[in-house]
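A.B. asks: Okay, handing you the structure first.
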Amino acid sequence: MVWNQEEMRSLQASVVSYPLQSENVSETTDLYFISILRSTRKGLVRRRYSYGSASYDFGRKSLWFCLQVGLYILCVYYKSLAQPERILNHCVRENSVEEDLIELVVKSVLAQVSNTPEKVGEYSVGLESRVQDLMNLINLKPSCDDVQILGLYRMGGIGKTTLAKAFYNKIIAEFEHRVFISNVRENSSDQDGLVNLQKSFIKALLHSVPEIEDANGGIDKIRTSVHAKKILVVLDDVDNVDQLNALVGEKSWYGEGTVIVITTRDEEILSRLSVNQKYEEKKEPTESLIELSKKIVKITGLLPLAIEVFGSHLYDKKEHEWLTELEKLKSTQPGDLQALLALSFKSLGDEEKTVFLDIACLFLKMEIKKEEVIDVLKGCGFKAEAALNVLRQKSLVKFLVDETIWMHEQIRDMGMQIDLKEHHGDLETRGRLWDRGEIMNVLNYMKGSSSIQGIVLDFKKKLARDPSAEEIAFRNLHDKPGIRSVFSYLKNKFVKFPAEEKPKSSEITTHVEPFVPMKKLRLLQINHVELEGDLKLLPSELKWIQWRGCPLKDVPPVFLARQLAVLDLADSGIRRVQSLHRKEMDGNLKVVNLRGCHSLEAIPDLSNHKSLEKLILERCMLLVKVPRSVGNLSKLLQLDFSYCSNLTEFLVDVSGLKSLEKLFLSGCSNLSVLPENIGDMPCLKELLLGDTAIKNLPVGVGTLPDTRSSTRTRSEKFEQKSKPKSIQELPLCIGMLASLEELNLTATALKNLPSSIGKLKNLQKLYLMHCASFSKLPDTINELKSLKKLFINGSAVEELPLNPGSLPSLTDFSAGGCKHLKQVPSSIGGLNSLLDLELDWTTIETLPKEIGDLHFIRKLVLRNCKSLKVLPESLGDMDTLHSLCLEGSNIEKLPESFGKLENLVLLRMNNCKKIKRLPESFGDLKSLHHLFMQETLVVELPESFGNLSKLVTLKMLKKPLFRSCESGKIPDVLGKLSSLKILKLGNNYFHSLPSSLEGLLNLRELSLYDCRELKCLPPLPCNLEQLNLANCFSLESISDLSKLKILHELNLTNCKKVDDIPGLEHLKALKRLYMSGCKSKCSSEVKKRLSKASLKMMVNLSLPGNRIPVWFSQGPLRYTTQPNRELRGVILAVVVALNHERKDDYQLPDVVEVQAQILKLDLALYTHTLHLSGVPRTSDDQLHICRYSAMHPMVAMFKDGYTIQVTKREPPVKQGVELKMHGIHLVYEGDDDFKGEESDFTETQKLTNFFSTFEEGEASSKGGSEFT
């Protein structure tokens, strides 16, 4: 057997297996297995082999032999792991105690494995050959310098997603960065769907969720996030090119070796992209399947979804049962997916069928979590866990990582069809209703019947909308009172503004009476619906009501005095929930959810509900105290007061909460005291106190029992993220929390930790970040054998009391920002499992030579260590180091042993202003991909530098005030860097480029910004995509650019000596051309070339000029919808001049003073700063043209009756910018399609003709004064 990574982590080296025949580990032909088992008896290692149920114990064998075998097995399983002998030798040298040796070996291996493969179906069939087909279509060799796009296409349900996941898992080890986005088609259809997908994309890369306002902003963030990175990207189920533009963008953004996989049902989408290879799912069965499987697979039509579901159905059945099911299968049509899936449904029990249909027809629309589904199903009297387990085993439902319930759309459709067919599609006799139109039909025309069991109706809250004309007019009346504003308000109050519609009240208001005939109604969702009438008339059989946005102020007791099990009134405006009369008892209600009820004034008395298990009051802002009645809820499992910010009193006798497992108080910022007898809750597992005002924990915390469970419940966790004035000390009894795994004390006023902290044997994570009063770690910290993460960033810790060989599990240690930390102890080298060490912004002066003993370290951060001047020679012994950050430190030189860091991929040395040279061994960094050494004193590269064959990114830019005075040229060794993709050499003093640069076929981006001595530009690599020559004042000539077929950005701002740009008219991919500040002769030649060029791709264009095309409209421009003509773009043109005679010289890289606004009446709904890149060093007029596509908010937000205007920013960021003229032009669908007649010129042709009319000298309006 082979254990997955999570199982191996949790088992801590319990079992490792691999097929073997004998003690010669290279012979693996038999089905025998050798296992390494750590016995319960100290030091005993057993060896055994087994086949089926038979096994034979060989007894004690050589520990060394067993370790060799086990390590070999791990290295085979994790193919990316290298040098197993070295790992083994190190572990044995470090630890001679047999009982810990295996554990250390496996931990060392797992520490190097961080891949998280996608989950593929347990019963997937025939994947290997198809995965191999895909492997043959791409190049994964390290020498590959291309960005490869692979398209998988065909109809839904045939297994594109499964194949993409399997392929992803196969090659994941080759990529440090990877993204898998599922269900693109479905998720992008929601409001803000694309933005949410963009957030998921960036989160997968950066492990943090970015702020994104719109899809266009998300594109910019993705471009920044993926820049120069080698990434594996999978986009599953794409059905629109816009989705790809929003999520992937351009190939040029990505690093060499990137692989992008797209699955789609529409081959046409792939045809419109630069897809390297296409793969169509094939229907030929694989020859390796046994005869019976062949027959089954053939009947299923080779549809993986059907095979997975039917295979799950056959799982654990005997061969004769397979034959019986095969006969049933033969009655279906080959490839009829719905009929095949229905066979699996028919095999379910009655209860399981009901649960399945509830999920397919009702719950899936809600994106509901597994826990919530279980609550509802239990309330209906079902054995929820058992039923869900059966459905999961049959592959009919799945649970995502966040426990959201998920079902394949084909299976969902089958469930809906079954519900329809059972009642012949008759609304009046249907079992479940989920379509809004059908539900309103039933309710409006009183078509309800006793057959209906469930209804889901959710009129979600309106998302942020544009203010109405009346609201805008009223705002103006308030801000600017007067006759005009009064007239405007009255006009807009009684005259409808175009494109404004009020919601139909009939759709969101209904009466109770239509529900009366629904005697068997169990499940009812009526979110944001106004329900009129006597609520007592609602069916008595109701087990679940979800009425979010409930308009009631008082909830009557009738809601609680029925068979209801789950009451969900979250996000409602209710003020009070009336309790049952004292004599009334209820044993049905189990869950009450009042999350987000901001107007709720008091916690209801629910003590008469003896079966209540969950009470959720999160974000009930008006709650002040917890009533005593809460202490009587003996069956309560979860009590949630999270972010009840006004809660101040929790003086309840909690001894009655005998069953409580979870108590959430995070965000109760005014809560300062916990109940003294908190230790009397025997089942408490999770206590969250983040962002509270609690200063001291009651002694009772230490009496909380060991609640660690062998079942799949969450481990005990204590979290405290309080304000600085809150908790100052922990009680000594904290050490009694034997099962505590995470202790978070971030940003508290904590002064010290009690010595008993060392008794927390299961503690894995300890966070003490930004504890400004915390100055000393106790010596007992060394006793935390399970500790994996220790973060003391920003604390006042002065020293690290580490003992040799302590903290054997520690993988991540961060002391960044500990400004009082001056010394790193030599015992740091004994942290045998350490992977990540961060010491940035500390005052350390030296590193001990023992730091070289960290043989598994992958990341070392020494950013802004101003007192650190020398690195030890032993640094070269850290041969597993992957990333080294020295930015901003005062290191004067790198050690000669530096070249021994053969696995170093990323080196950051920006702002290391005392480094003057690189060691000769630098060229031995054979794995180095990215080198950032901006603003250093390095002007000469060692001869060995040309050996960096894998270098992709080289940035040596210097700021104008930090340039070397030495003049010269770029060294020829750069021409040997065959993998180089990004080269930034801005602000350097050199006058020429080596001709060998033309051979850098992988180079995509070349920046020579502000290289003022550069005189000529030789032939450049043909695959260049971005070229920045801005402020190259001495540049006189540019070689022919016609071979740069994929160049999309060219910046020649202030290249005042350049007369012409040869080959410009052949740059078909050019999107951005910046030529502000160039002399008029060059501008004239360029315009002639532009008149012959294809400008359809152009997005931004700037060059000298004093007029705009006559077919542009002078703004403001009001938009009126045209029949059968969809708005596809907006083009803005502006003429701008800078006054350089002002003292406030314009120092920004771009001109940011011109804005475009979308107005509704007088209110600006959207403001956009025009991208006017490059600041001219002249006062001449400059023409800028900006084009916006349909996805940009300038187009997407422009609606009927709205207005676009172009203005100057007020107040300005910088003075001296003059907006001389502007124009606006709207592009409609088809406007840029050539029709062949002069009267039907496209927008591109019009621009081309416009440039052909320019004459030399026309550009300047002031005579051409220049400033450098």
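Since every read-out is calculated from the coordinates, none of them should be taken as a lab result. All values reported here derive from a predicted model rather than from experimental measurement. Note: ideal-geometry Cβ built from the backbone for every residue, glycine included; neighbour counts use all protein chains shown.
A.B. asks: Under 11 Å from the Cβ of residue 875, count the other residues' Cβ atoms, weight Lys and Arg +1, Asp and Glu -1, and hand me the total.
C.D. replies: -2
A.B. asks: If I stretch the segment between residue 1042 and residue 1001 completely, what's the gain in nm (0.36 nm per residue apart, minus their alpha carbon distance), one decimal?
C.D. replies: Numbers: separation 41, 0.36 × 41 = 14.76 nm, distance 1.56 nm.
The residue 1042-residue 1001 span can extend by a further 13.2 nm.
A.B. asks: Turning to a different aspect of this structure: Taking Rh as the Kirkwood radius computed over C-alpha pairs, what is the Stokes-Einstein D of the range 127-280 at 4 °C in a medium of viscosity 1.567 mPa s, expressed in µm² per second? It would help to have the intermediate numbers written out before the result.
C.D. replies: Numbers: Rh = 15.5 Å.
Rounded to a whole number, D works out at 84 µm²/s.
A.B. asks: Could you state the number of Å between the C-alpha centres of the range 1001-1058 and the range 670-699?
C.D. replies: With the range 670-699 and the range 1001-1058 each reduced to a Cα centre, they are spaced 65 Å.
A.B. asks: Which order, highest average first, do 350-361, 778-789 follow once you tally other Cβ atoms within 10 Å for each residue and take the mean per peptide?
C.D. replies: 350-361, 778-789
A.B. asks: Which whole-number percent is the relative contact order of the range 963-1070 (Cα, under 8 Å, 6+ apart)?
C.D. replies: Values: 287 pairs, mean separation 22.0, N = 108.
20 percent.
A.B. asks: Now for a separate question. Check each of the trypsin sites (Lys or Arg not before Pro) in the range 571-641 and keep only those in coil by DSSP with at most 12 other C-beta atoms within 10 angstrom; list them in order. Show your work: numbers first, answer last.
C.D. replies: Working: sites: 575, 576, 582, 583, 590, 595, 610, 614, 619, 625, 628, 635; in loops: 575, 582, 583, 590, 595, 610, 619, 635.
The qualifying sites are 582, 583.
A.B. asks: Per 10 Å bin, what is the whole-percent P(r) computed from every C-alpha pair distance within the range 1004-1081?
C.D. replies: Pair shares across the bins are 21, 59, 21, 0.
A.B. asks: Report the extension gain between residue 624 and residue 943 in nm, rounded to one decimal, defined as 0.36 nm multiplied by the number of residues separating them, less their alpha carbon distance. It would help to have the intermediate numbers written out before the result.
C.D. replies: Values: separation 319, 0.36 × 319 = 114.84 nm, distance 7.24 nm.
Contour length minus Cα-Cα distance gives 107.6 nm.
A.B. asks: Among 345, 167, which comes first, second and so on when ranked by fewest other beta-carbon atoms within 10 Å?
C.D. replies: Result, fewest neighbours first: 345, 167.
A.B. asks: In nm, to one decimal, how far is the residue 1190 label point from the residue 1081 one, both placed 7 Å along Cα→Cβ?
C.D. replies: Taking the simple label geometry, residue 1190 and residue 1081 are separated by 4.6 nm.
A.B. asks: Let me ask you something else. Let me have the relative contact order for the range 127-280, percent, based on Cα pairs under 8 Å that are six or more residues apart.
C.D. replies: On the way: 269 pairs, mean separation 57.1, N = 154.
Relative contact order comes out at 37 percent.
A.B. asks: Hey, how many Å between the Cα centroid of the range 365-398 and the Cα centroid of the range 1151-1172?
C.D. replies: Taking the Cα centre of the range 1151-1172 as reference, the centre of the range 365-398 is 50 Å away.
A.B. asks: Apply the Debye scattering formula to the range 594-694, with a single equal point scatterer on each alpha-carbon and no solvent, then give log10 I(q)/I(0) at q = 0.16, 0.17, 0.20 Å⁻¹.
C.D. replies: Taken in order of the listed q values, log10 I(q)/I(0) reads -0.60, -0.68, -0.98.
A.B. asks: Right, here's the next one. List the pairs from 383/543; 221/1087; 984/1081; 383/610; 230/278 whose alpha-carbon separation is above 23 Å, in the order I gave them.
C.D. replies: Listed pairs above 23 Å: 221/1087; 984/1081.
A.B. asks: Give me 1207, 880 sorted ascending by neighbouring Cβ count inside 10 Å, so fewest comes first.
C.D. replies: Numbers: 1207 16, 880 21.
Fewest-to-most ranking of 1207, 880: 1207, 880.
A.B. asks: Using 0.36 nm per residue, how much length does the chain from residue 585 to residue 645 gain when fully extended, once their Cα-Cα distance is taken away?
C.D. replies: Extra length from residue 585 to residue 645 when fully extended: 18.4 nm.
A.B. asks: Given R₀ = 51 Å, what would the calculated FRET efficiency be for residue 755 paired with residue 873, taking r from the Cβ atoms and rounding to 0.05?
C.D. replies: Approximately 0.85, to the nearest 0.05.
A.B. asks: At residue 1197 and residue 1139, where each label point lies 7 Å from the Cα along Cα→Cβ, what is the point-to-point distance in nanometres?
C.D. replies: Result for the modelled spin labels: 3.1 nm.
A.B. asks: So, one more: In the range 1142-1229, which trypsin sites (Lys or Arg not before Pro) fall in coil by DSSP and have 10 or fewer other Cβ atoms within 10 Å?
C.D. replies: Numbers: sites: 1142, 1143, 1160, 1177, 1187, 1199, 1208, 1209, 1214, 1220; in loops: 1142, 1143, 1177, 1199, 1209, 1214.
Sites meeting the loop and neighbour criteria: 1143.
A.B. asks: With a cut-off of at most 14 other beta carbons within 10 Å, and DSSP calling the residue loop, which GluC sites (Glu not before Pro) in the range 367-397 qualify? Please list them.
C.D. replies: Here the sparse-neighbourhood loop sites are 367.
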